[in-house]
1. Determine the shape class of the chain: with a ≥ b ≥ c the square roots of the Cα gyration tensor eigenvalues, call it rounded for a/c under 1.5, and otherwise prolate if a/b is greater than b/c, oblate otherwise.
2. Would you tally the net charge around A353, using a Cβ to Cβ cut-off of less than 13 Å, leaving A353 out, and scoring K and R as +1, D and E as -1?
3. What number, in percent, do you get for the relative contact order of the chain if the mean sequence gap of Cα pairs under 8 Å and at least 6 apart is divided by its residue count?
4. Which of rounded, prolate, oblate describes region 5-158, given a ≥ b ≥ c as roots of the alpha-carbon gyration tensor eigenvalues and a/c under 1.5 marking rounded, otherwise prolate only if a/b is larger than b/c?
5. With a Förster radius of 60 Å, plug the Cβ-Cβ distance of D39 and E540 into 1/(1 + (r/R0)^6) and report the FRET value to the nearest 0.05.
6. How would region 441-480 be classified by its alpha-carbon gyration tensor: rounded, prolate or oblate, with rounded meaning a/c under 1.5 and the a/b versus b/c comparison settling the rest?
7. Quote the FRET efficiency, to the nearest 0.05, computed for K584 versus D366 with a Förster distance R0 of 45 Å and r equal to the Cβ-Cβ distance.
8. What distance in nm lies between label points placed 7 Å from Cα along the C-beta direction at D31 and Y332?
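Please treat every number below as a calculation from the coordinates, not as lab data. Bear in mind that the values here come from a model prediction, so they are computed numbers and not experimental data. Every residue, glycine as well, gets a Cβ built from its backbone with ideal geometry; the counts of neighbours run over all protein chains shown.
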Amino acid sequence: MSKIFYPNREFSKQARIKNMCEYKEICAEVDDNYEAYWDKLAKEKIEWLEPYDKVLDESKAPFYKWFTNGKLNITHQCIGRHLDTRKNKAAIIWEGEDGSRRIITYLLLYYRVNRFANLLRNKFGIKKGDRVVIYMPMIPEAAFAMLACAKIGAIHSVVFGGFSAEALRDRIIDAGAKLVITADGAFRRGNPYLLKPIVNKALEKGCECVENVLMVQRNYEEVDMVEGRDHIYNDLIKQESEFCEAEVMDSEDPLFLLYTSGSTGKPKGVQHSGAGYILWAQYTMENVFDVKENDTFWCTADVGWITGHTYIVYGPLAIGATTIMYEGVPLYPDAGRWWKMIEELRINQFYTAPTAIRLLHKVGADEPSKYDLSSLKVLGTVGEPINPDAWMWYYETIGGGKCPIVDTWWQTETGGHIISPLPGATPIKPGAATFPLPGIKAEIIDKNGNPTPKGEKGLLCITKPWPSMIRTIWGDPDRFVKSYFGDCKKDGKPVYFSGDAAIYDEDGYIFITGRTDDVINVSGHRLGTAEIEGVIGHEEHVAEVAVVGRPDDIKGEDVFAYIVTKKDVDEATLIGNINALITKEIGPIAKVGSILVVPGLPKTRSGKIMRRILRSIAKGEEITQDISTIEDPSIVGTIEKLFKEKNRR
Ligand code: PRX
């Protein structure tokens, strides 16, 4: 039985949703009339240029459409509409790793974005619907670039700055991007690092679609520039006007693509559209974080991930809040850096990943006591299951036992939170994402839509469309249907399957247990095993490979590879070669933590690798599964023995 922590009474009094009765009332309202609920919210929250004519169009399901024929521009929602009341309010407070700060008010943000948008339109000819890849460090210009695209109707695709040249190239080509926006580099762990050379390398071959590269100078290191193709933002931006006509966008026009790993094949370009996405970003900022006018909100993610999109840029700005952006790593110059920032900037809501919490607990358990963290009101986690130890430390040491923790479950595909406590209402349990947000039909079911009994693992599905849902996979609508609507049905109709398994506990709380497919989650980053295996297979000594996730104290999961070699090689050389290849092809985030050289892999007679067994071995579990379908069942015992021997060493 997990412990229960009730909301802080003072907090609940001022919260938007104050108790579970209110939560249930809203859920009942949604049940009574699903579309009317969204209609009310969309009218209340969005400043439309032209009204929509239909709330939800299901005629081409699962290609659902929301708020059809409505017209808006997201930048008006995020910037323009705040100018009357908040023009001098800080929109973005940026802190460099060296401690320098930039404060961008809503008025300055308006000017910056307008200039940037003019530059894209006038100098580079970027038009509505064109794709722009943004490969940037954590500097305000990354947010300006995203918003500038939104202003002129270009579709941005932000690629995380930790991805390699090859990974960047694949994403540029898949999106058919005309322009790449980057920076010379930035600072990490006290040192400059460079991004522009990676862009140069990515563009060496196969990226004919790219006409120009725009580079922001951040650390002023010497980098190679290609005449005619590459341009310096800092020089050009001054010439642009501070006023810019916004493109009139349809509710369903794509706002951005964001590539994420699937269980098979290449990364998928998850496509989101404007109106539904921004509505959800706003709704969750208000209800899950309960952000109020004078609050300062900090999400520590990188803008290269969905969390950074929704909760550094779009969500906070849409509600006119102050958002923090930090350039560097949490351990620089020491493990007190984040707590120091919370004290100095009087942060009210703090949102981070379990991996970071575990790391800061492990290397700097005494650090929080050196700082005044009393400004904190709500703490959040995202990206992976949080273990009770890390949860308790976060709750007691960081939150002083008074801040609710919102363990938010969602995905790149969902656009924003789906299952989460409401901080003023939900009694919380360590490790539970608790209940679906009002309006969301998230259920744990079997493939046929039957609810899973309490205490038993089932499939986590969202059984009704919601406004911020993925619209399609860029360029591959069939894959969209197959990936998300191919596995589960309810009442005979295909429903969205998240790829995650989950459990209802005895009180109906939802606990996420992890992926059911071949996706692993390292430090909250989603990695496809197939992608990693594809790279490892190119190492000269490797005959066969199978990659699985293995539990890790800090990272949650680590990459573990079983390798059959074709010629003799010592393990250190092999792992070195493999990680060099992975760094080159994907990026350092996908490096393998350890390998096990084995004489063969457990396969069915049809040649399919039995990964369940390999996963169990990597977890150190006894094999209880039926192994009779394996072509050579003795291989299981051999691998187990090798694994145990290696771990004894
Ligand atoms: O497995 C779930 C895990 O992260 C996956 C989504 O990854 P991504 O699209 O990269 O988005 C991460 C940030 C939203 C999910 O399928 N996940 C996300 N949040 C949680 C989680 N697992 C457990 N608890 C969570 N709160």
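1. Details: a/c = 1.40, a/b = 1.17, b/c = 1.20.
Verdict is rounded for the chain.
2. Details: positive: R358, R526, K555; negative: D302, E384, D407, E557.
With Lys, Arg at +1 and Asp, Glu at -1, the neighbours total -1.
3. In percent, rounded to a whole number, it is 13.
4. Here region 5-158 falls in the oblate category.
5. 0.50
6. Numbers: a/c = 3.49, a/b = 2.18, b/c = 1.60.
Here region 441-480 falls in the prolate category.
7. Working: r = 39 Å, r/R0 = 0.87.
E(calc), rounded to 0.05, equals 0.70.
8. Computed distance between label sites D31 and Y332 equals 5.1 nm.
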